[in-house]
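Asker: Pasting a structure here, questions to come.
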Amino acid sequence: MSIKKWLAVFLTAVVLFACCAAVFNVLTDPFGVFGDRLMDWYAYDMTMNPRVAKIAYLDRNFEKYDSYVIGSSKCSSLSPEKLNAYMDASFYNMTWYGGDLTDELALTRYIVDNYRVKNIVLAVDPQDAELFDTEDDPIKGNMHCKVDGSFAPAFYAKYLFANPGYGLEKLRAYASRGVLVTADAVYKAENGAYNKEVRDSTRIGELAEYLAFEDNYYEQAPSSMPHLEGALDAIAQIVEICRDNGVKLTVVGVPLYTGDLARYDREKMEDFWRGVAEITPFYDFWGANCVTGDIRYFYDVDHFRNCVGDMALAYIFKDPAVWMPEDFGNLTTPENVEARMARTYAALEEPPRDNTVPLPILMYHSFTTARDGSDAVTQEEFSSQLAALRDAGFTAITYDDLFDYVYSGGTLPEKPVLITIDDGYQNNLDIAAPLLETYGMSAAISVIGVSVGKDTYKETGVPMTPHFTLEDAAPWVEKGVLEIKSHSYDMHQVPERDGEDCRRGVLRLAGESESDYAAALTADFERSSEQITAALPVESDVFTYPNGLYDRLSEVVLQGLGVRATVTTDYGVNVVVRGIPQTLYALKRVSVDPGLDGAALLERLEGLLSALQ
């Protein structure tokens, strides 16, 4: 074969491969450039390149929205749902990683020119004067050509003939997707924010637990904010665009961890602070206080938690239902900016106020009038324990007290203790409740729905320790002696009676998919909740794990169902942080065993509490 023929064959093969690659890239569309018609998985596309995929998504869905949050990855914690409620709007969060004001200025122009826009919330912070007009990756970090005005044929060709490996990786991720968010798809396509359900469902109360999970406590290099003038000019242009087009603009200086704030050159930071105030009044959360001074309120040194974003919005819209420290925010103007900066830098020299409470939770099950060889705690032992707790200064609290402290900034006694009883046996009412009332204490009983009012196990006819009816518990609930919570409806299964292939606690069955499991847990909890709330004037907002078994998926599912606290059998004392609902999940407990008198219980508790010091 001649060289010309070989060359023709080679070129034909190259063209065929390029055409196949182009068709494959359009079908898989890993960046969402071509409409992602086949998989419609924009959560993945946005993770690959949010600057490109979000514009492609909005071009198809812009009629659903009339307002936008614009800013770097930090602004993801400004909830579109909260903003919708506060502003009677339909917000989309345009957050993206590595954001800078060059991109945000171009984005503002594009959405104002092409979409219906009522409101823009612009998130700013001093990093805007550090990262400016950058593009770290030409295919994953670039802007959409519609936004930056780049040559459209070249833009689309870049993605049309991109490495097919991107599409293959999307197919792999699509085949393995489940209920839990993964690194493959970190965005919520429908509102643009990051999906943080996993990070918001993990125990972080103790600082050591936070550091072990987040593993993101790192020191950043000092910054001289080299792009201060460019950042301020971009902000001024955004203000002008919004004013000229009748768009309501709210500028938010997003919360900064004090360790992050301190790395910026003070003179340059003050110039930036002052410069923003001279351009426009803005809500400034750059102060030093008990929230910004505690790393647990942040996912890492750069990003504040969703609960802190809720505080910022509650400050802006004067929502008294959300706790925040008194010095949390400021509407900063040219008239008050100097005083604001002086207060902040003075506060940096002081240690932040502690917002944590150590909370022991006691775990009981059954009670008996006299020692009978079972695992039940005797009446005498329980009385001794309650007397010892009272005399040592402990005060029994309820879950409602705990919720008030975390969500609303309420107060807790100096030495709180939460008493819990599992399963719902009749002896809880006959023996424990009267003693609780005598000592001025209270307890929360978590009932197994399928066993309520029964003395035989399900439909087997096998005798079991009698369980009380919810109607019998009602008088104790009305007096405030007892709370009734869920221990599942029928996920507290026993292999000896339900079969060896039964569910272990609320964990997944062998071969059960995440979605099937989530549906099963949802149905069980909803049935349990309906049973409790139909009989008693209470909220079903706590879930005590059967056998103490749980995992990350169960935590995420239950939080999505409105559960405000989950309770395990993990041994230890909890650290609850005001303003961080996450510290109410996977709560630890101290099991109270038969034969333990009041003095021994106190010794155990004091040892655990002293270990937290």
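Asker: In region 311-341, which residues are within 17 Å of P255 (Cα to Cα) and small (G, A, S)?
Answerer: A312, A314, G329
Asker: Ok, one more. How many of the residues making up region 233-243 are in contact (Cβ under 8 Å) with a residue 12 or more places away in the chain and either under 14 Å from R274 (Cα atoms) or in contact with an Asp or Glu (Cβ under 6 Å, 6 or more places away or on another chain) (or both)?
Answerer: At the first step, the residues of region 233-243 found to be in contact (Cβ under 8 Å) with a residue 12 or more places away in the chain are 234-239, 241-242.
Imposing the further condition that a residue be either under 14 Å from R274 (Cα atoms) or in contact with an Asp or Glu (Cβ under 6 Å, 6 or more places away or on another chain) (or both) reduces the set to 235-236.
Number satisfying all stated conditions: 2.
Asker: If you don't mind, another one. Restricting to region 92-111, name every residue that is in a loop (DSSP other than H, G, I, E, B) and either without any contact (Cβ under 8 Å) to a residue 40 or more places away in the chain or of a type outside the set (A, V, I, L, M) (or both). Before you say what the answer is, go through the steps one by one.
Answerer: Taking region 92-111 first, the residues in a loop (DSSP other than H, G, I, E, B) are 94-95, 97-100.
Passing the criteria: T95, Y97, G98, G99, D100.
Asker: How many of the residues making up region 548-564 are over 23 Å from S591 (Cα atoms) and under 12 Å from the mean Cα position of the chain (by Cα)?
Answerer: 3
Asker: Next question. Taking helices (runs of 4 or more DSSP H) that fall entirely within region 273-392, which contain at least 2 residues that are more than 17 Å from P126 (Cα to Cα) and open to solvent by less than 40 Å² (accessible area, probe 1.4 Å)?
Answerer: Details: elements: 306-316, 337-347, 379-391.
The qualifying helices (runs of 4 or more DSSP H) are 306-316, 379-391.
Asker: Check region 518-529 and report whether any residue there is in contact (Cβ under 8 Å) with a residue 24 or more places away in the chain, of a type in the set (G, A, S) and under 30 Å from P434 (Cα atoms). Give the derivation first.
Answerer: Step one: of region 518-529, the residues in contact (Cβ under 8 Å) with a residue 24 or more places away in the chain are 518, 521-522, 524-529.
Filter again for of a type in the set (G, A, S), leaving 518, 528-529.
Those left that are additionally under 30 Å from P434 (Cα atoms): 528-529.
So far as region 518-529 goes, yes, one or more of its residues are in contact (Cβ under 8 Å) with a residue 24 or more places away in the chain, of a type in the set (G, A, S) and under 30 Å from P434 (Cα atoms).
Asker: Give the residue, chosen from G253, G230, G287, G246, that is of a type in the set (G, A, S), touching an Asp or Glu at 6+ places or on another chain (Cβ under 8 Å) and within 22 Å of S67 (Cα to Cα).
Answerer: On the way: G230 fails: within 22 Å of S67 (Cα to Cα); G287 fails: within 22 Å of S67 (Cα to Cα); G246 fails: touching an Asp or Glu at 6+ places or on another chain (Cβ under 8 Å).
After ruling out the rest, the residue left standing is G253.
Asker: Restricting to region 48-66, what's the tally of residues that are buried (at least 24 other Cβ atoms within 10 Å of the Cβ) and of a type in the set (G, A, S)?
Answerer: 1
Asker: Could I ask something else about it? Evaluate region 451-461: report whether one residue or more is more than 17 Å from V563 (Cα to Cα), touching a strand residue (DSSP E or B) at 6+ places or on another chain (Cβ under 6 Å) and open to solvent by 50 Å² or more (accessible area, probe 1.4 Å).
Answerer: The answer is yes; a qualifying residue exists.
Asker: Mind checking which residues of region 251-266 are in contact with a helix residue (DSSP H, G or I) (Cβ under 6 Å, 6 or more places away or on another chain) and either surrounded by fewer than 20 Cβ atoms within 10 Å (Cβ to Cβ) or of a type in the set (A, V, I, L, M) (or both)? Spell out how you get there, then give the answer.
Answerer: Residues of region 251-266 in contact with a helix residue (DSSP H, G or I) (Cβ under 6 Å, 6 or more places away or on another chain): 254-255, 264.
Within region 251-266, just V254 meets the criteria.
Asker: In region 84-101, how many are of a type in the set (A, V, I, L, M, F, W, C) and buried (at least 24 other Cβ atoms within 10 Å of the Cβ)? Walk me through it before giving the result.
Answerer: Here is the first cut: in region 84-101, the residues of a type in the set (A, V, I, L, M, F, W, C) are 85, 87, 89, 91, 94, 96, 101.
Going one step further and asking which of them are buried (at least 24 other Cβ atoms within 10 Å of the Cβ), we end up with 91, 94, 96, 101.
The qualifying residues number 4.
Asker: Only one of A89, A53 is more than 21 Å from the chain's Cα centre (by Cα), among the aliphatic types (A, V, I, L, M) and part of a helix (DSSP H, G or I); which? Steps first, please.
Answerer: Numbers: A89 fails: part of a helix (DSSP H, G or I).
Of A89, A53, the one residue that is more than 21 Å from the chain's Cα centre (by Cα), among the aliphatic types (A, V, I, L, M) and part of a helix (DSSP H, G or I) is A53.
Asker: For region 100-139, give me each residue that is under 29 Å from the mean Cα position of the chain (by Cα) and among the hydroxyl-bearing types (S, T, Y).
Answerer: Residue satisfying the conditions is T108 alone.
Asker: For A123, are the conditions met, namely being of a type in the set (G, A, S), over 18 Å from Y42 (Cα atoms) and modelled with pLDDT of 95 or more?
Answerer: It is true that A123 is of a type in the set (G, A, S), over 18 Å from Y42 (Cα atoms) and modelled with pLDDT of 95 or more.
Asker: I would also like to ask the following. Select, from K64, K4, K74, the only residue that is at pLDDT 95 or above and among the charged types (D, E, K, R).
Answerer: Working: K4 fails: at pLDDT 95 or above; K74 fails: at pLDDT 95 or above.
Matching residue, one of K64, K4, K74: K64.
The values are calculated or read from the model by the stated rules, or taken from the named source; none is laboratory data. Keep in mind it's a predicted model, so treat the numbers as computed, not measured. A quick note on method: Cβ atoms are made from the backbone with ideal geometry, for glycine too, and the neighbour counts reach across all protein chains shown. Areas reflect the complete protein model, heavy atoms only, side chains present, ligands, DNA and RNA absent. Shrake-Rupley method; radii C 1.70, N 1.55, O 1.52, S 1.80 Å.
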